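The values are calculated or read from the model by the stated rules, or taken from the named source; none is laboratory data. These numbers were taken from a predicted model, which means no experiment stands behind them. With ideal geometry, Cβ positions are generated from the backbone for all residues, glycine too; neighbour counts draw on all protein chains shown.
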Number of protein chains: 2
Amino acid sequence: MDWDKIDRFTKSLIKEAGHKIRNSFFERIQIESKSNVNDLVTNIDQEIEQFFIQNIQFAFPDHRVLGEEGYGDQVTTLNGVVWIIDPIDGTMNFVHQKRNFAISIGVYEDGVGMLGYIYDVVRDELYAAKNGAGAYLNDERLPRLSDGSIEEAVIGVNARWFNAKRYVNGGKLLNLVADCRGTRSYGSAALEIAYVASGKLDAYISGRLSPWDVAGGVVIAQEVGAITTNFKGTTLNFVQPDSLIVSRPSLHAFILQNYIEVNA
Amino acid sequence: MDWDKIDRFTKSLIKEAGHKIRNSFFERIQIESKSNVNDLVTNIDQEIEQFFIQNIQFAFPDHRVLGEEGYGDQVTTLNGVVWIIDPIDGTMNFVHQKRNFAISIGVYEDGVGMLGYIYDVVRDELYAAKNGAGAYLNDERLPRLSDGSIEEAVIGVNARWFNAKRYVNGGKLLNLVADCRGTRSYGSAALEIAYVASGKLDAYISGRLSPWDVAGGVVIAQEVGAITTNFKGTTLNFVQPDSLIVSRPSLHAFILQNYIEVNA
């Protein structure tokens, strides 16, 4: 497998998709909801996913593609090469703000993350990583993450988890807010993982994410030494929804032990 | 008073200050804490405030200046012309992220907001308003805000207020999270007010802010028809800390009545 070639191919596709998305701001965007009224999808999410899948299938007919909008393959195992794609992570931001959303792509070979991409379309910032070759923000290599204390940590976490009874004890998670330096919430899991990888956040926590929200980010996070697990402390499997905590190395176990209580 | 001239003067100063701040990224920034360990200040906050004050005092010796870092005047009333300045709103973001912070300036005459500015230094986005002449984002006029429903609202609120016992009932505020479409937290009150004024957020809520956090934003918000009050529903006085709710017109009373309970 020529991963350098696939890397160049993917970056080129991502830049073209970003151009299409920025152009869509001047068109009428059609908005629908999916599983619930706040789970938005637009014609642009759908068109961009189809753009990726068609190009990947043409170039690599033996690869499989798992996409958020369902135009790809039914993927229940990560055997072979699997692309995991979110054409627009943060669709609510795309609709409401026309910013703060990202294209997210992870490419896995037999379950191992080989390539990861998170593209902040409006800022034109591409976070990209190749397994074993480090992570980059555009042309700049991201340094390995140092340790840090909870008292000086700025943590990404959406307020919905403080109300949660399913997945996580929201009240206990609120103690984290009191103990850390500050919290932020940007509404795009992919971007928030990228912010951890690039030191803008010290940790990011979510009670439930889909494989396409995290697959690209996990490869990038690993390349800078961030720790990535679900709330049980085990690795993600990328074929089912799961919780996520990604952080500087020293913070991971501390947050998991002191603030995370998984509910049935 | 030639407000057009003062407007041009202020925009020019803000752009020069923004240039200084962006240049500071290549220097060593000295970080200290003020009222508590998470209340950060840097030498850049201090230098930029002094830059503004010196220029304003030279050009308008009879104006007074209230600045976050304390280099201005002791201001206990808004008689005459008062400039209310935050050289870097979102210092924690400035330190941790080198983005997502703003210069905020409000110019008041006998308590009436005449000019308002919020400058996102890294995005180079200047939100600016003149009393009665509308609000702009760079060269583009911001449209008046339409009404909206809570179910479709994206609301800016920092997680610290869900824990709060002082200032506001945190538990009741958590109900808002369940009822609205989503919440965000960016860590700069000035930017979050600007996001409401430009439709990126539908409301922004904070239990306690200082005059320099809000003075520029309130002028901008008013020019697009946003409603701005404290948690008691009364107007801010801009000389003491206060709570804040700023939102689309229809949402203001609804949020205040259903989710805000002021604690003693």
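A few notes on this one:
- Qualifying residue in region B:226-234 (condition: closer than 27 Å to A:Arg99 by Cα and touching a Pro at 6+ places or on another chain (Cβ under 6 Å)): yes
- Among the conditions (1) at the interface with chain B (Cβ under 8 Å from one of its Cβ atoms); (2) surrounded by fewer than 17 Cβ atoms within 10 Å (Cβ to Cβ), the only one that A:Gly134 does not satisfy is (1).
- Elements of type strands (runs of 3 or more DSSP E) in region A:111-180, at least 3 residues being within 17 Å of A:Ala203 (Cβ to Cβ): A:154-157
- Considering A:Ser250, A:Ser210, A:Ser243, A:Ser206, the condition of being buried (at least 21 other Cβ atoms within 10 Å of the Cβ), touching a residue at least 12 places away in the same chain (Cβ under 8 Å) and not aliphatic (A, V, I, L, M) is satisfied by A:Ser206 alone.
To keep it simple, each residue is scored yes or no on (1) more than 30 Å from B:Gly170 (Cβ to Cβ); (2) surrounded by 24 or more Cβ atoms within 10 Å (Cβ to Cβ); (3) in contact with a Ser or Thr (Cβ under 6 Å, 6 or more places away or on another chain).
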residue: A:Lys98; (1), (2), (3): yes, no, no
residue: A:Phe101; (1), (2), (3): no, yes, yes
residue: A:Glu125; (1), (2), (3): yes, no, no
residue: A:Ala128; (1), (2), (3): yes, yes, no
residue: A:Leu145; (1), (2), (3): yes, no, no
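- Some residue of region B:164-177 being closer than 30 Å to B:Ile85 by Cβ and buried (at least 23 other Cβ atoms within 10 Å of the Cβ): no
- Restricting region B:66-94 to residues that are hydrophobic (A, V, I, L, M, F, W, C) and in a helix (DSSP H, G or I), the residue that is nearest to the other protein chains (Cβ to nearest Cβ): B:Met92
- Applying the set (1) of a type in the set (Ser, Thr, Tyr); (2) in a helix (DSSP H, G or I); (3) more than 14 Å from chain A (Cβ to nearest Cβ) to B:Ser243 leaves exactly one unmet item: (2).
- The set of residues in region A:52-82 being touching a Gly at 6+ places or on another chain (Cβ under 9 Å) and either within 17 Å of A:Asn237 (Cβ to Cβ) or at pLDDT below 95 (or both) consists of A:Arg64, A:Leu66, A:Asp73, A:Thr77, A:Leu78, A:Asn79, A:Val82.
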